[in-house]
Each structure stands twice: as structure tokens, then as C-alpha cells.
Amino acid sequence: KILILDLGGQYKQLIARRVREAGVYGEILPADTKPEDIKAGNYTGIILSGGPNSVYEHNRFEADPHILDLGIPVLGICYGAQWICHVKGGKVLQAPQGEYGKRFIQIKTQQAGKIFHNITSPTQVWMSHRDQISELPENFVAAASSDSCPIAAYYNEKDNLYGVQFHPEVEHTLAGKDMIHNFLYEVCHVQGKWKMTDFAESMIRKLKQTLGDAKVLCAFSGGVDSSVAALLVHKAIGKNLTCIFVDHGLLRKNEAEEVEEVFHRTYDMDVRRIDAAERFLTRLQGVADPEQKRKIIGEEFIRVFEEVAQDYQDVDYLVQGTIYPDVIESGTDKAAVIKSHHNVGGLPDNIKFKAIVEPLRTLFKDEVRQVGLALGMPENLVWRQPFPGPGLAVRLLGEITPEKLEILRNADAIFREEVANFNLHKTISQYFAVLTPLKSVGVMGDSRTYDYTVALRAVITNDFMTGEWARLPWELLEKVSYRIVNEVKGINRVVYDVTGKPPATIEWE
Ligand code: XMP
């Protein structure tokens, strides 16, 4: 296994994910982890993440320099690379100007070193730094440079120390995966046999240990995340898990019935469906502000669980399908709040469970799918597109009413049906209809209409943190538009959203 030492950078989970992708288990530990603990951990390699500091700042993230003498290969990324250089006697200076975004590096082919094995020069990388290395320590070799950064990568083969100023973990570093692969296989000589099944197995073991005989409830939406989380816990503790499926009245057409059917029948899981539609809709009456809607739904969710939990004695734990993008987007200590995801930010303070269990907290969406497949979940469930906890509430702009919900449900069902007819349901990451508060004039038959506008949203993304709008075939858009205006009363105009994330988010609220 590989240790990722957290020097405060925002990409540490992405590094862990790249390591997993390469078939190796990666573990993240804080910067000040003691060298003896690292030694005891039997790591095959160490990756130092980037970080926000300068090596000359006082309260910087700092590791114990002795970690470089353990005989374990080390790869420093960005600040991590500067830190190695600094503690080994090299020099780091603030450059006249920083480098941010896509840049090209020239690899010194005569002395490229193992990280650049089989990578052609020049190659595009992603830079994000102001400081840079100006002088290498003794016995270190510069391996690459960019126009404004003379030492963009280095190595010391004897001591197995490697550094890159750019971020190989980010997609914009086109050969980044190969570089990480090279570090793992050429430098650390890993075996690379780790698979998502291993994650599933070890997580089930961990859950068994932690949960023991405890009675556990799961917040269950039937979406991929909570289904996989529930299934992991079900495999660990069986009937001690009860899944509470709250039908908040904001689900898609026929969704509640389908979900109940699959998990109850297929898995013999204890699934209890709570019809709470009226309660949610009452609390949402007159509320148009997106953040407020989310807060209300989040709180109401927990209230419902708390009430239901009273029917079960000794319920200690609540399982949630939180995944990594939910965690960062809701704002960890440093990352800014973008919007509060209901399953993280919306928890009220008086929550009555001993603890919340989130087995998927470190994974990205596509990894969650792999875990699902590893657990033997049927493909149609695994490939179900994600559906946000607050449901249609964040796809219905402005105040929510039962009538508007009905309009949105019907429009959305048509869109989904046609995407499947065009066989695009696996290619497009997420697609749905949004009901806007915009009314406009139309003509149908011989009469004037004044009805709502529906927007169609379809995105392609790997991790749901960034994404592109899907280039849907005109024929599909035409068919959907025609069907929606003809079949759904209350809509006379259909538009298509051609905005990426960023700057937009995937959901409209
Ligand atoms: P955004 O709109 O932030 O969405 O680009 C990214 C992904 O997260 C989903 N999403 C949520 N999922 N609770 C969830 O469980 C939420 O509150 C929530 N808000 C957004 C969204 O559907 C997309 O897949």
C-alpha cells in the first residue's frame, strides 16, 4: 500500500483515487505522522501532496524530515516537491510570476528519470504555484522544465526521491496517470493487484467490527450511493440493518415503487417505506430560496428518521451514502461552501444518533459504481443516474406545488424514456428536466398559450465535480421537445442547457 501524506493540498483524495486506479491501495495520513508509525505501516511508497504554504512560512504544513530516510521511495507533488528540496538543502524562491493552469514541460530526455519513462516531450501539465525550486540539493537531477519554471521535475535515484512541480493527479496533466503509474511500478515496484472488490471486502470487515450487534438505520434513497452503502452494511450485519426509504414526495415518476421492489425482493433487505410527502410539501410551502429548500429538506429528513428510530430500540447508527464530492462541496475546513448538500451540510444540531456511518466517504462516483458491481448489484441499478437527495425540489425553481411537481415529473419521464430509446443512458452521466418559473407566449392549435418553460439538462462527467454539457443528437432533442409540449399540459416551450460545470453546477439549484 501507498501512503499519501497530506500537506494541506486540495487534491489529496484525487491522488488516492489515481493510486487506486493504478491497482494499488492508498491511505491518507496527516503531515505530522511520525516516521516510526510510517515505518510500522509497511508502505511501499509515499506521495507528498501539494499544499497552500510556502516552505519559508511559519505555520506551514510540515512533515518530519526523517520520513525521507526510511528507505521508502517518495514522490513530492508541488509543495511536496519543494519541501523535499528545502529539507535536503536546496533552494525554493518566490518566482517573479506564478504559473497557473495548463502549461507545457520539456522533458530532459537524456536524464528523464523513471517518472517520465515512455512519456514523450513536450507534454501538457497542470501547474498551480507561485514558489518554485531555484537550486537542487546535491545529487539531485533536474528532469524537466517549463518556460518559466526551470526545475519542473527532479529526482535523486540513489535515495529514491522524486519531485514534480505540477499536478500529475489532475486530468489536465495529460500523461499524469502514466507518471503516477511509473512511480508506483518502476520506482516502488508495487504488485498492483488491488481491486475494488478488496475495498468492498475490507469495508465489510471494518463495518462488522465497528457495528457489531448494534441496530443500524440507513437513510435510503434508492440512488446508487445509498444503495451501495446500504448493501455494504447489509452484507456486514444482515437483518440488524433497517433501511428507511423516505418518500418525500419529490421523487421521479414511479421511482418509489421501483426501488421498493428491487431491494425488498432482490436482496431481502429490511426496507421500510415512509410516505412523508405531505409533511415535506407543507414545510416547503412558500419557500423559493434554493439554500432554504435544501436546509428544510435536510432537517425534515433527519426529523423523520429520528421519529422512525423511536420504533426501533437501541438504534445507534445512521448509514448515509455520502461520497467524496458531497464532502468537499459542502465545505470542509478550508474549501468554500458551494451549496449545502442535504446529506452533509443540512444536519441539525440535535441529531440523536450516536454516530453517522459513511462507508463511501472517500470514493468518487465511478468508484462507487465499481463497488456496486463488485458486490454483484445488477447493472441497471449500478448504472442508474445519480439523483440528488433533495430530489425534484432542486429541479423545480421557485415555490414547489403539487401541480408543478406533476408537470416536472411527466416532462422528466419523457426525457429519460427517449434517452434510453436512443441508447444513450450509459454514455450520459446525468440527464433530467428542470421546471423554470419562466412563462412565455406560445400558440397551439389556434389559441394563444401562456405556459411554463422546461429546460433539459444533460452532462458528461467522470467525477461530477467538473463536467461538460452533452452534445445530444438533434433528433433526440426534437423528439423530446415535441413530446413534452404535446403530452405535458402546462408547458409550451423547451430549451436545452449548454453550460458546463464550472461555471454552472449540474443541478439548477
Ligand atoms: P452539482 O449541482 O453540485 O451536483 O453540480 C453534483 C452532483 O451532486 C448531486 N447533488 C446532490 N446529491 N444531495 C445529494 O445526494 C444533494 O443535496 C445534492 N445536490 C446535488 C447532483 O445531482 C450531481 O450528481
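The values are calculated or read from the model by the stated rules, or taken from the named source; none is laboratory data. Values in this document were obtained by computation on a predicted structure and should not be read as measured data. So basically every Cβ, Gly included, is an ideal-geometry build from the backbone, and we count neighbours across all protein chains shown.
Restricted to the stretch 492-509, and to residues that are within 27 Å of H172 (Cβ to Cβ) and among the acidic types (D, E), which residue is nearest to the ligand (Cβ to nearest atom)?
For the stretch 492-509, the residue satisfying everything is E507.
If we only count strands (runs of 3 or more DSSP E) wholly inside the stretch 90-182, which ones have 2 or more residues that are touching a residue at least 40 places away in the same chain (Cβ under 8 Å), of a type outside the set (D, E) and within 26 Å of L70 (Cβ to Cβ)? Write out each step before concluding.
Numbers: elements: 91-107, 123-135, 141-145, 153-156, 161-164.
The strands (runs of 3 or more DSSP E) meeting that bar are 91-107, 153-156, 161-164.
Does the stretch 217-229 contain at least one residue that is more than 22 Å from V368 (Cα to Cα), in the same structural domain as Q285 (by TED's automatic domain parsing) and either hydrophobic (A, V, I, L, M, F, W, C) or part of a helix (DSSP H, G or I) (or both)?
no
Can you go through Y11, Y56 and tell me which one is among the aromatic types (F, W, Y), surrounded by fewer than 17 Cβ atoms within 10 Å (Cβ to Cβ) and at pLDDT below 95?
After ruling out the rest, the residue left standing is Y56.
K489 fails exactly one of the following numbered conditions: (1) part of a loop (DSSP other than H, G, I, E, B); (2) within 16 Å of the ligand (Cβ to nearest atom); (3) surrounded by fewer than 20 Cβ atoms within 10 Å (Cβ to Cβ). What is the number of that condition?
Checking K489 against (1) part of a loop (DSSP other than H, G, I, E, B); (2) within 16 Å of the ligand (Cβ to nearest atom); (3) surrounded by fewer than 20 Cβ atoms within 10 Å (Cβ to Cβ), the one that fails is (2).
Specify which of the listed residues (G80, G23) is of a type outside the set (A, V, I, L, M, F, W, C) and either in contact with a helix residue (DSSP H, G or I) (Cβ under 7 Å, 6 or more places away or on another chain) or in a loop (DSSP other than H, G, I, E, B) (or both).
Exactly one residue qualifies, and that residue is G23.
If you go through the stretch 412-427 one residue at a time, how many are modelled with pLDDT of 95 or more and of a type in the set (V, I, T)?
So the answer is 2.
In the stretch 383-425, how many residues are of a type in the set (V, I, T) and either in a loop (DSSP other than H, G, I, E, B) or within 16 Å of the ligand (Cβ to nearest atom) (or both)?
So the count comes out to 4.
Could you say whether any residue in the stretch 323-331 is more than 14 Å from the chain's Cα centre (by Cα) and either in a loop (DSSP other than H, G, I, E, B) or modelled with pLDDT of 85 or more (or both)?
The answer is no; no qualifying residue exists.
Suppose we filter the stretch 458-484 for residues that are away from the ligand (no atom under 16 Å from the Cβ), free of Cβ contacts under 8 Å to residues at least 60 places away in the same chain and not acidic (D, E); how many remain?
Qualifying residue count for the region: 8.
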